[in-house]
Amino acid sequence: MAHIYNDFTIEIATTDFESTKNAVAGGADRIELCANLGEGGTTQSYGVIKTCREKFDLPIYPIIRVRGGDFLYTDDEFECMLTDAINCKALDCDGVVIGFLKADGTIDTNRTARIVEAVYPLGVTFHRAFDRCKDPLEALEQIIQTGCERILTSGQQITAIQGAPLIRQLNEQAAGRIIIMPGSGVRADNVKTLAADTGCTQFHSSLREMIPSKMKFSTPAFVNDAESIGHSGVNPIAVAAFKKALN
């Protein structure tokens, strides 16, 4: 179960062990564990998932996504993801994060249900593939039928703030049958307003910032290279501020 304070839950998308450690230190209630957030998030390595599960006592939901890009996958890609999802269950994760579409923009309910069944009784979040679907109100009903417990959405807009009207409509239609969780562009300075505008109680953010490299040496050709300067990470102070903003 998520650690809930004042009926709000904050989920932080992390990209590695250190960002997860910092998110936990800042007071995250749940972790969406990813790699490659710049591509929208792909599945982290077995070693990172295993170590995070062993070190941290809060719900951990690895994303199950074999590549960046769209959410229309080949049969072989799906088999890779099914295996990854089953591995997460074996590692005692609390849930997984998935999203499958058909070429016509409808929800791939068969593949979604197969993952839900394969990882049961773990929870399953349907991620922002939802924001690329053709009919969000119909898709909501289909995702409920597959057994997912949550939908992560920006209301089919670039940010959840822009998509707040649809998010509210989805939350009202869901009527407690599934959790609607706004994400994308959600920050400490807008999350309270988003909560009021949508009626939602769970919120998702990556709170990414650049962490300076501690390397003391860099070869001249790479001194200004992005990988030499630092890497994307999470500041626990930012997580704490995000959480406090909902109080």
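Listing for the model above:
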item	result
Highest-first arrangement of 219-231, 179-191, where packing means the average Cβ count within 10 Å	179-191, 219-231
Surface share of carbon and sulfur [accessible, 1.4 angstrom probe, percent] for the chain	53
Theoretical gain in end-to-end length, Ala221 to Gln156 [0.36 nm per residue, Cα-Cα removed]	19.2 nm
Cross-link pairs Lys50/Lys244; Lys55/Lys214; Lys214/Lys244; Lys134/Lys243; Lys50/Lys216 - those with Cα-Cα distance over 27 Å	Lys50/Lys244; Lys214/Lys244; Lys134/Lys243; Lys50/Lys216
Theoretical FRET efficiency, 1/(1+(r/R0)^6), r = Cβ-Cβ of Gln173 and Asp76, R0 35 Å, to 0.05	0.50
Positive dipole terminus of segment 121-173, leading residue within Gln157, Gln173, Pro136 (C-beta point charges)	Gln157
Whole-angstrom gap from segment 28-57 to segment 175-229, using each part's C-alpha centre	14
Net charge dipole size for the chain [Lys, Arg +1 and Asp, Glu -1 on Cβ; Debye, nearest 20]	620
For the chain: accessible area per residue (Å², 1.4 Å)	48
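The values are calculated or read from the model by the stated rules, or taken from the named source; none is laboratory data. Every value quoted in this text rests on a predicted model; they were computed, and no experiment measured them. FYI the Cβ positions are ideal-geometry reconstructions off the backbone, even for glycines, and counts take in every protein chain you see. Keep in mind that these areas ignore ligands, DNA and RNA; they rest on the heavy atoms of the full protein, side chains included. Shrake-Rupley method; radii C 1.70, N 1.55, O 1.52, S 1.80 Å.
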